[in-house]
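Peer 1: What follows is a single structure, and I will ask about it in a moment.
Read-outs: derived from the displayed coordinates by stated rules, not from any lab. The structure presented is a predicted model; accordingly, all values stated were derived computationally and were not measured. Neighbour counts are summed over all protein chains in view; Cβ atoms, including those assigned to glycine, are modelled from backbone coordinates with ideal geometry.
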């Protein structure tokens, strides 16, 4: 395992920049936010990206289904925690449960099949 918090912070920062740019371009609702809300959104993206990278390098193994599931559960839980805390405080409906399940399945597959492409410095 290559566990380096500084590398995860760098990955989180650049990932947050890219996510902010994509979000700003694609979602018209973002363009009307003031600077404080945009900065807060950047911080949320930064925390999620940094946490995902750190968890990936420190607590997962490649070619392990259990490890890939653990990564996807952590990631989806982190994202939905931020959604619940800051955006939407409603109950889960069938469509959202299906969406969560699909997100977990997709992230599990991506982690399992792409894990070996990591560059170890």
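Peer 1: Using Cβ counts within 10 Å as a stand-in for footprinting exposure, how do 53, 34 rank, fewest first?
Peer 2: By the 10 Å Cβ count, ascending, the order reads 34, 53.
Peer 1: Can I ask one more? Normalised by the residues of the chain, what does the relative contact order come to in percent, with Cα pairs under 8 Å and at least six apart?
Peer 2: Relative contact order, the chain: 30 percent.
Peer 1: List 104, 5 from most exposed to least, where exposure is judged by having the fewest other Cβ atoms within 10 Å.
Peer 2: By the 10 Å Cβ count, ascending, the order reads 5, 104.
Peer 1: Specify the angular offset, from 0 to 90 degrees and rounded to the nearest 10, of the alpha carbon long axis of helix 5-26 from the longest principal axis of the alpha carbons in the chain.
Peer 2: 40 degrees
Peer 1: Next up: Could you give the length gained by full extension between residue 27 and residue 55, i.e. 0.36 nm per residue of separation minus their alpha carbon distance, to one decimal place?
Peer 2: Gain on stretching residue 27 to residue 55: 7.2 nm.
Peer 1: Suppose the chain between residue 5 and residue 43 were pulled fully straight at 0.36 nm per residue; how much longer would it get relative to their current alpha carbon spacing?
Peer 2: 12.0 nm
Peer 1: Given the options 60, 50, 84, which has the most mean-square fluctuation in a GNM of the chain, springs set between C-alpha atoms less than 10 angstrom apart?
Peer 2: Per the Cα network of the chain with a 10 Å cutoff, 84 tops the list.
Peer 1: Calculate for the chain the 222 nm mean residue ellipticity that helices alone would give, adding -39,500 (n - 2.57) per DSSP H run of length 4 or more and normalising by residue count, nearest 500 deg cm²/dmol.
Peer 2: -26500 deg cm²/dmol
Peer 1: What's the angle, to the nearest 10 degrees (0 to 90), between helix 94-114's Cα axis and the longest principal axis of the chain?
Peer 2: 40 degrees
Peer 1: Using the Cα atoms of the range 1-59, I'd like the radius of gyration and the largest Cα-Cα distance, Dmax, both in angstrom.
Peer 2: Final numbers for Rg and Dmax: 13.0, 42 Å.
Peer 1: Here's another thing I want to ask about it. Calculate how steeply helix 35-59 sits against the longest principal axis of the alpha-carbon atoms of the chain, using the helix alpha-carbon long axis, and give the answer as 0 to 90 degrees to the nearest 10.
Peer 2: With rounding to tens, the tilt is 10 degrees.
Peer 1: Using a Förster distance of 41 Å, how high is the FRET efficiency between residue 35 and residue 106, based on the Cβ-Cβ distance and rounded to 0.05?
Peer 2: 0.80
Peer 1: So what are the three principal axis dimensions of the chain from its Cα atoms, in whole Å, longest to shortest?
Peer 2: 43, 37, 22
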